[in-house]
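Scroll down for the structure; my scribbles are underneath it.
The values are calculated or read from the model by the stated rules, or taken from the named source; none is laboratory data. Bear in mind the structure is a predicted one, so any value in this text is a computation, not a measurement. Cβ sites come from the backbone with ideal geometry, for glycine too, and all protein chains shown count toward neighbours. Calculation scope for accessible area: heavy atoms of the full protein, side chains included, ligands and nucleic acids excluded. Shrake-Rupley method; radii C 1.70, N 1.55, O 1.52, S 1.80 Å.
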Amino acid sequence: MTRPLTAAQRRLIEAADPGTGRLKGTEAQLTALVKRGLAFRHPRPPHDHFLTPAGHRAREAGGEPPQKEPENPSPGDPGGFGGVFAARVGGETVPRAQGEAARLREVRSAWQGMLELRRMTNPDASTDRPCAWERTHLVQAAALALEASGHRPAGPEGEGGDGYRVRDTPQPDAVAVYAPGPDALRACAETLEGAGWQAGEYTEPRTRRRYVLASPRRV
């Protein structure tokens, strides 16, 4: 069961900068929020603390913690995306309990958090190209960009209907995106290009299936 926030923790979250999510408090208070997955410590000096997407959701909920206790963000997951929130890559089983409106809010919050992570961690503070976290979580990052732009992920095999599917490739810096039909595939490519990825359409030699090969743009 999720532990309730203390009064001091609620005040810190509510007082966070509305634009950046930057937090101010004692080291002990900030560390406690990090342990709960509601904040992360910026890796570069002056090592300020910022709200994670889960922290932003807690603030929107009036200081209440997320329903599920998030995992602690790891050094490779500074934005806290590996805990409560997970982008839908297509083909997974989606819990029926979550409504569409709640999911849209989570996706929107996660994408805004990603843009802020780009601004804080890219050397030139650019938000128009992927950051280091995205380069080490290619499938999740591409899926988040697609879902945040309104593309529908595919459901489990055999349940009917279809949408995008993001998959690993043998290439170390690229993902493959599949979609039902040329128009949907082209729309996925355009979305990824707009999110700072290089994307092109290709055909699998053996199956003749069309797909988008996408990799994070570096400049």
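To the nearest 0.05, what FRET efficiency results for Asp183 and Glu92 with a Förster distance of 30 Å applied to their C-beta separation? So the FRET efficiency works out to roughly 0.80. Leu117 exposes around 0 Å² of accessible area when a 1.4 Å probe is run over every protein chain in place. Val94 exposes around 50 Å² of accessible area when a 1.4 Å probe is run over every protein chain in place.
Solvent-accessible surface of protein heavy atoms, probed at 1.4 angstrom with all chains present, puts Glu14, Glu100, Glu106, Glu201 in the order Glu100, Glu14, Glu201, Glu106, largest first. Label positions at Ala7 and Ala125, each projected 7 Å from the Cα along the C-beta direction, are separated by 3.7 nm.
In units of the compact-protein estimate 2.2 N^0.38 Å, the range 83-219 shows a Cα radius of gyration of 1.03. Here the simple spin-label model places points 7 Å from the Cα toward Cβ, and for Leu104 and Thr20 these points are separated by 3.1 nm.
Label separation (Glu60 vs Thr207): 3.5 nm, computed from points 7 Å beyond Cα along the C-beta direction. Using R0 = 22 Å, the C-beta based FRET efficiency linking Leu115 and Asp173 works out to 0.55.
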